[in-house]
1. Report the full-extension gain for the segment A:N19 to A:E786: residue separation times 0.36 nm, less the Cα-Cα distance, to one decimal in nm.
2. Find the relative contact order for the stretch A:164-256 and round it to a whole percent, using C-alpha pairs within less than 8 Å whose residues are 6+ positions apart.
3. Label A:T194 and A:K149 with points 7 Å out from Cα along Cα→Cβ: what is the distance between them in nm?
4. Could you sort the peptides A:554-563, A:357-366 by per-residue average Cβ neighbour count (10 Å cutoff), highest mean leading?
5. From a point 7 Å beyond the Cα of A:T497 in the direction of its Cβ, which residues of the stretch A:132-176 have a backbone N at a distance under 18 Å?
6. If I stretch the segment between A:L694 and A:N264 completely, what's the gain in nm (0.36 nm per residue apart, minus their alpha carbon distance), one decimal?
7. With label points built 7 Å along Cα→Cβ from the Cα atoms of A:K739 and A:K725, find their separation and express it in nm.
8. Based on the Cα coordinates of the stretch A:21-162, what is the per residue volume of their convex hull in Å³?
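Just so you know, all these numbers are worked out from the coordinates, no wet-lab data involved. Everything numeric here is computed off the predicted structure, so don't read it as measured data. Every residue, glycine as well, gets a Cβ built from its backbone with ideal geometry; the counts of neighbours run over all protein chains shown.
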Amino acid sequence: MQYNHQEIEKKWQEYWANNQTFKASNTSDKPKYYVLDMFPYPSGAGLHVGHPLGYIASDIYARYKRHKGFNVLHPQGYDSFGLPAEQYAIQTGQHPAKTTEENIKTYRRQLDQIGFSFDWSREVRTSNPEYYKWTQWIFIQLFNSWYNKDSDKAEDISSLISILENEGNINVNAVCDEDIISFSSDDWNSFSSTKQQEILLQYRLTFLSDTEVNWCPALGTVLANDEIVNGVSERGGHPVVRKKMTQWSMRISAYAQRLLDGLNTIDWPQPLKDSQTNWIGRSQGASIKFKVQSSELESNVIASETKQSLSKEEITSSQTPRNDEYEIEVFTTRPDTIFGVSFMTLAPEHELVSKITTDAQKAEVETYIQATAKRSERDRMADVKTISGAFTGAYAIHPFSGEKVQIWIGDYVLASYGTGAVMAVPCGDQRDYDFAKHFDIPIPNIFDNVDISEAAHADKEGTVIANSDFLSGLKYKKALKLAIYEIEKRGFGYGKTNYRLRDAVFSRQRYWGEPFPVYYKDGMPQMIGAKHLPIVLPEVEKYLPTEDGKPPLGNAEVWAWDSKQSTVVSNQLIDNKTVFPLELNTMPGWAGSSWYFNRYMDANNANEFASQEALDYWKEVDLYIGGSEHATGHLLYARFWQKFLFDKDVVPVDEFAKKLINQGMILGTSALAYKANIYMKTGCSLGNHTDDILSKIPPVFVSKGMFNSDNDFETLVKNYLFDNKILCIGDVESLVVGKMPLHADVSFVNSSDELDIEAFKNWRAEFKDAQFILEDDKYIVGREVEKMSKRWFNVVNPDDICEEYGADALRLFEMFLGPLEQSKPWKTSGISGVYSFLKKLWKLFYNGEEISISDVEPTKEEYKVLHKTIKKVEEDIENFSFNTSVSTFMIAVNELTAQKCNKREILEPLLILLSPYAPHITEELWNKLGNKESISTAPFPIFEAKHLVESVKNYPISFNGKMRFTIELPLDLSKEEIEKIVLEHEKTQAQLQGRTPKKVIVVPGKIVNIVG
RNA sequence: GCUCAAGUGGCGGAAUUGGUAGACGCGCUGGAUUCAAAAUCCAGUUUCUUCGGAAGUGUGGGUUCGAUUCCCACCUUGAGUACCA
């Protein structure tokens, strides 16, 4: 009987589905193991062979753990809200729910076809109201929480309210908005309800605020920082501009330190941890306040007084603050260099700029501000070299020396980082240095024995501070400590840790996302009671923003909240007394994916987020496999929500994934056909004759091996046109021929890079009459490794592979390509290797039509093959080195074939070893051997070292470290005996050519090295 | 610029604590089988070679009896980040 993958694979996929073979139980005596794949977005294009790489690896691991006696949870679902479905809806008018459903069907069919051991009874979809009900619920929990720095965790907002009622906010140590006012308990109690709500919003973990957001006009929505790549939107590549909008934000900054600390407790790849560490961007230093000098303002006042003849009273009553009431707060990591400050720079957007600028400088400053506002973020980024700025005319007072320091504005200072102002130390910071040089500002040197005539000196180690009053003569570390001590003692600052991590914008002006469970009363957001969830996404006519610029939900006609009936009602009923408008924004893509791993533990629970028992049993993901592109998005937000839910005692652990592995990308191997790009030489225009000549020339392609240079190519094509009587010699002379590589569909190319010319000609109308300059009667294409993408025609569909070679071959081949974490190119031709391996395996069992298996005791050699395979495969799986175990299987099958082994004692364990990789063929053979249960329930074979014990060793004999020959020797020889035998050996004598060895190294069981 | 990862045959890659570099597979070459093709099987396949051997893991240096593996410098490629004070 022949190996028929199509029949076998279909049969067992049905068997697993019908018998719910991989359904995980929430109660078990076995130890638990939770294997998770990163949430797929079901795109319209379906899967290509790159997508399942990580799924195959995790499936192998999950199946392996089942063999090892674990209760394995291996679920799958869909991150089914998202931009592409909505863009498609805008273009075609089809409801995103409908297209999403169709896409999911395709995904499911493709996934099933590859034979994954998913527990589909736990499938979740983020766009399902039964799921997003709980996303909304988490949002409400965040709204009802604040971050108490004293307890270092999130607490219920009620605990904050009781503090405010009893003692005001003077002693509240919370993560909150920067611009919060101080008030007493009496103040609080006298505030209106609206005022109180406004203040509470400044503390809540999700809050409304006017923030500068990344607005993408083309998509009509805001984007998070991680959704922008190189200044344009990640999806679609549209420009992004800064814009102020009222948005929901998440106070992720409250968790900055814990997100950083948590990295030490989880087994994640170092590069991923590094990029989260960079993204959080902790820096330690000091916050220092510089007073602004008052004299300038007084002269202004006098000037305006004389001009406009204002009375003294009028000036006072106008309440213009005096400049000496202004302070500029800066953050610096180098308080030790404070005596090197020779100017200050504010971001052009800094709120003090308009207040302190002198009349004389006003025009220049305003021009500069306008110029920078016009430049997009991208321009500013691209243009790092140009130094620009303007002097405000105002001065600050150096807190230690009392000297006057010029205050400048410059766009190298970012409004969004730190305080939007820097104390410039040109001798120690290159940007300050460049700025000072450009504007001729003095550059005092405060470093001992350091030359700063060419560049700033930014090194810390070994640097000694000079010309710095009490800091002079101190090394960096000591100076830093003393500077902070003095700053704190004298009361103009304090030691501070700063984070780059910004609060995350959580509103999207889109339709296809989770609606907020929020309505507005007197302009203040109100949460809808948890028992009324889900608030279901309303129907709309159009998925575009409304004409007056509101988000798409502004088109909904039934989108108001009746607070009496606790139900969503028609907008026409809005009276702002009992019926209120609902929030029009929706949540971003990362909302649903920030907690889904918890939902899988109890996916169908209608009453709870997940039951306490399920959460306590499964706890966290033991192995999470996915791409590194989620490093600063999903993986950071999910850790944030998990920590929050942990604080609220909803989940039992504060890191959701113990171990994480990044799978590399599978790249495509594009096929290039070299087309002749033909045009007339300049000056050779022959009027109508030009068109005449060019129209005679068909598309000409040259095989890759026919040319080495562009010159070859040109000559070849010209000769071809002449030899084939397409053009006469004169016309050929007037041509210029260039080489233009065109992407051909990879399906037209065989394993020898030979192009199927007929298929290629029929592919495109313009190639119908194409002619080919061949080599050995073949057209050979060039190959290039590129990202797998439709535009390069190098996409390989797993459906085709499963059809032709089967899922088992696909799974083996994806693993065989190389290490899981690395990116590597796909070349379909290579799959024949694993396919013939499967056929060889089959032949070990089938010799003719009937299965032939022997119950005779295996030989020593057969046991040796089995046990070295068990050892290697087990080690490989534990190390996630799946590529090497595929080789090991090949070696085992090759050796057993050579030994003509058909012993049950050997082949049954071999099937179990292989079954995680190739589940279908192993189920079939296992079944044919007479086993009634699925092979997935069989225990993993146990390695016995006794089968690998050797009595002889083929010793490599090296001379000066170079292996020259080998000698077979018994392993029980002593060092001396080995040395004696080796030195007497004739080949040793030949190598030494009469020289006496200086030294002989003998490592018994390993090697002999002769030096001399 | 900074941070990280990686450079091994024609190609994907292997060599787990420093100990026989190139396992396994693709491709290629030759052969068997076949009317022929596919499939299958056998042999060979790093380079150079005077067929004895010799060189060889991005480049240069170092440690070691011995380095793809450890250390230093550099080059190249890829990824992340981007005026972060």
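1. Numbers: separation 767, 0.36 × 767 = 276.12 nm, distance 4.20 nm.
Gain in length upon complete extension: 271.9 nm.
2. On the way: 118 pairs, mean separation 24.0, N = 93.
Here the relative contact order equals 26 percent.
3. Label at A:T194, label at A:K149, 3.1 nm between them.
4. Packing order, densest peptide first, comes out as A:554-563, A:357-366.
5. A:147-154, A:173-176
6. Details: separation 430, 0.36 × 430 = 154.80 nm, distance 6.77 nm.
Separation in residues times 0.36 nm, less the Cα-Cα distance, equals 148.0 nm.
7. 3.1 nm
8. Values: hull volume 26.0 nm³, N = 142.
With only Cα atoms used, the stretch A:21-162 gives 183 Å³ per residue.
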